[in-house]
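Chemist: Sending over a structure as structure tokens; questions will come in a sec.
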Amino acid sequence: MRLRSVAAVAVALVLVAVGSVGSVVEREHARRPIVQPPRVCGSTAPGPTSAPTGAVVVDPEVTGDVIAKTEANPPGTIFWFAPGVHKLGGGADAQIVPRDGDVYVGAPGAVLDGQRQNSFAFTQRAKGVVVSYLEIRNFAAPRNTGVVNRDSGDSWSIEHNTIHDNNGAALMAGARQETRGNCLRDNGQYGMNAYQEGDGITGLIFEGNEVTGNNTDDWERRIPECGCSGGVKFWAVNGADVRNNWIHDNRGPGLWADTNNNDFLIEKNLIERNDGPAIWYEISYNATIRGNVILENAIEYGREFQRDEDPFPVGAIYLSEAGGEPRIPARTGKIDVYENLLERNWSGITAWEDAGRFCNSPSSTTEDCTLVVGRAAAVECVPPAIASEPLYSDCRWKTENVDIHDNVFRHDRSFLGESTDAFAGRMALISNAGTEPAWSPYMGDVIQRKITLGQNVVWRDNVYYGQWSFTLFDMGRTFGWDGWRALPYAQDVGSSYVG
């Protein structure tokens, strides 16, 4: 869905907040994240040069050899792709259907080529499958599907592959999937699409990957507001560790968690030059976002909004109806954003809540309900019951219990250009007025008042460089540093602002 309608410090710093220049610089360096992103594309770890003991050798000279040998062998077989270009056969439905525990490993130079004919490489719901050390290319997966683990089988390990120039997503994800050390580049839709029908995915690990150049088919332009683009997309994932990845130059957001995700740890990633937000956490719960370096993101989205004269503050981190909820089990009961470096992005962090985003509303994007209410009880979120507690609170996705602290924010006006002054370089804590449906109990400025003053969304103990402005309550109210910190908002207690 569409967003709502390290450089060195100069010697002469102008301190506009409490403390000395020296103390501010010391605070910055004390909390500057140390990130060593993997440069996987072009240097993916090589596979074994000879067949592992007991492995079945897959011959590149025999079209469909891996399909036939998978069918002929028992679960848990190791298949070694010899060097060369492997083909599955003609037609969209030629595909590998693993059995439980099957292992597919490539020799150096082993390529699995879909020839722009085959839709998928690895499909069905076998458990514990391993796919490693392969180059996988030229598959024609439809939108919202993926080439590897097409059917989101559980407990797969996908490691040290280069998966590129496919339609759809490079891969899907199932529960307890571990995706490590892969180059996911130049695919038509996503690098990874973490979606599984039913109750959703648990225990996901996404670590040490390079995700770049994805959404080559530019789906948001082809289907406006489809919410179907970017580097990695997560849907209803309960428990995910996303760490030490390099996510860059994707058309759309970098990381996008959309609809009833919970318990995310997003740490020590380098996220840069994505067209949309570096991190978009939407109608989801309980996350720790720490130690990331976030550079030059959301500039393309920001310029689009500027061209449309839409004043919405496009953030590098975008929290949309996402908050902490202690009643939902997780490693934290809040959205905890700390010790990140955000530099030269279109803007900083936007915390937004749509007053029309509640169960059974016209603008709700899911057939489910909030995780607090649950799917079975969603029918209760209608009048007159929704106008009274606890449903009045629990039927709504909320931006609440957010703690943004100990981060370094740098905005470079010269990098973006003077013409961006009214649109870029902002922090935001805002909502819109409730207008529909007629039975909504959240009409008028109810949610604007709640998110701004009543839902525990706090900035504190941060360091700012450059020229920032701060949007509060609604898109028409922008303040300077003093107004942001003054009552009744009282944001950024303990923070420092350096010009």
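Chemist: Test THR259 against the stated conditions and say whether it is of a type in the set (Val, Ile, Thr) and touching a Ser or Thr at 6+ places or on another chain (Cβ under 7 Å).
Modeler: Answer is yes for this residue.
Conditions (1) over 19 Å from PHE470 (Cα atoms); (2) touching a strand residue (DSSP E or B) at 6+ places or on another chain (Cβ under 7 Å), marked per residue:
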site: GLY276; (1), (2): yes, no
site: TRP280; (1), (2): yes, yes
site: ASN286; (1), (2): yes, yes
site: GLU300; (1), (2): yes, no
site: PHE305; (1), (2): no, no
site: GLY315; (1), (2): no, yes
site: LEU319; (1), (2): no, yes
site: ALA322; (1), (2): yes, yes
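Chemist: So which residues in the stretch 161-204 are among the β-branched types (Val, Ile, Thr) and either open to solvent by 10 Å² or more (accessible area, probe 1.4 Å) or part of a loop (DSSP other than H, G, I, E, B) (or both), if there are any at all?
Modeler: Restricting attention to the stretch 161-204, the residues satisfying the condition of being among the β-branched types (Val, Ile, Thr) are 162-163, 179, 201-202.
If the condition is that a residue be among the β-branched types (Val, Ile, Thr) and either open to solvent by 10 Å² or more (accessible area, probe 1.4 Å) or part of a loop (DSSP other than H, G, I, E, B) (or both), then THR162, THR202 are the ones that fit.
Chemist: Just the residues that are assigned to a strand (DSSP E or B), out of contact with any Phe, Trp or Tyr (no Cβ under 6 Å at 6 or more places or on another chain) and within 12 Å of ALA322 (Cβ to Cβ), please, taken from the stretch 267-311. Don't jump to the end; show me each part of the working.
Modeler: Applying the first criterion (assigned to a strand (DSSP E or B)) to the stretch 267-311 yields 267, 270-272, 279-282, 285-290, 293-295.
When the remaining residues are screened for being out of contact with any Phe, Trp or Tyr (no Cβ under 6 Å at 6 or more places or on another chain), the result is 267, 271-272, 279, 281-282, 285-286, 288-289, 293-295.
Hits for the stretch 267-311 are ILE279, TYR281, GLU282, TYR285, ASN286, ILE289.
Chemist: Can we say GLY208 is open to solvent by less than 10 Å² (accessible area, probe 1.4 Å), within 23 Å of ARG273 (Cα to Cα) and not hydroxyl-bearing (Ser, Thr, Tyr)?
Modeler: So GLY208 fails the test.
Chemist: Continuing with the same structure: So in the stretch 459-495, with the set limited to residues that are over 23 Å from ILE335 (Cβ atoms) and of a type in the set (Gly, Ala, Ser), which one is surrounded by the fewest Cβ atoms within 10 Å (Cβ to Cβ)?
Modeler: It comes out as GLY476.
Chemist: List, please: which pairs have Cβ atoms under 8 Å, are six or more places apart or on different chains, and start with a residue in the stretch 422-446 that is farther than 17 Å from ILE349 by Cα and end with one that is open to solvent by 60 Å² or more (accessible area, probe 1.4 Å) and small (Gly, Ala, Ser)?
Modeler: PRO441/ALA387
Chemist: If the requirement is being surrounded by 24 or more Cβ atoms within 10 Å (Cβ to Cβ), more than 14 Å from the chain's Cα centre (by Cα) and at pLDDT 95 or above, which of these qualifies: VAL293, VAL237, VAL314?
Modeler: On inspection, the qualifying residue turns out to be VAL314.
Chemist: Also, I was wondering about something else. If we keep just the residues of the stretch 335-358 that are part of a strand (DSSP E or B) and among the aliphatic types (A, V, I, L, M), which is surrounded by the fewest Cβ atoms within 10 Å (Cβ to Cβ)?
Modeler: Just the residues of the stretch 335-358 that are part of a strand (DSSP E or B), to begin with: 335-338, 341-343, 349-353, 358.
Among the residues that remain, those that are also among the aliphatic types (A, V, I, L, M) are: 335, 337, 341-342, 349, 351.
Numbers: ILE335: 27, VAL337: 27, LEU341: 21, LEU342: 25, ILE349: 28, ALA351: 30.
Looking at the filtered set, the residue picked out is LEU341.
The values are calculated or read from the model by the stated rules, or taken from the named source; none is laboratory data. Since the model is a prediction, treat every value here as computed from it, not as a measurement. Neighbour counts run over all protein chains shown; Cβ positions are idealised from the backbone, glycine included. Remember, those area values only see protein heavy atoms, side chains included, never the ligands or the DNA or RNA. Shrake-Rupley method; radii C 1.70, N 1.55, O 1.52, S 1.80 Å.
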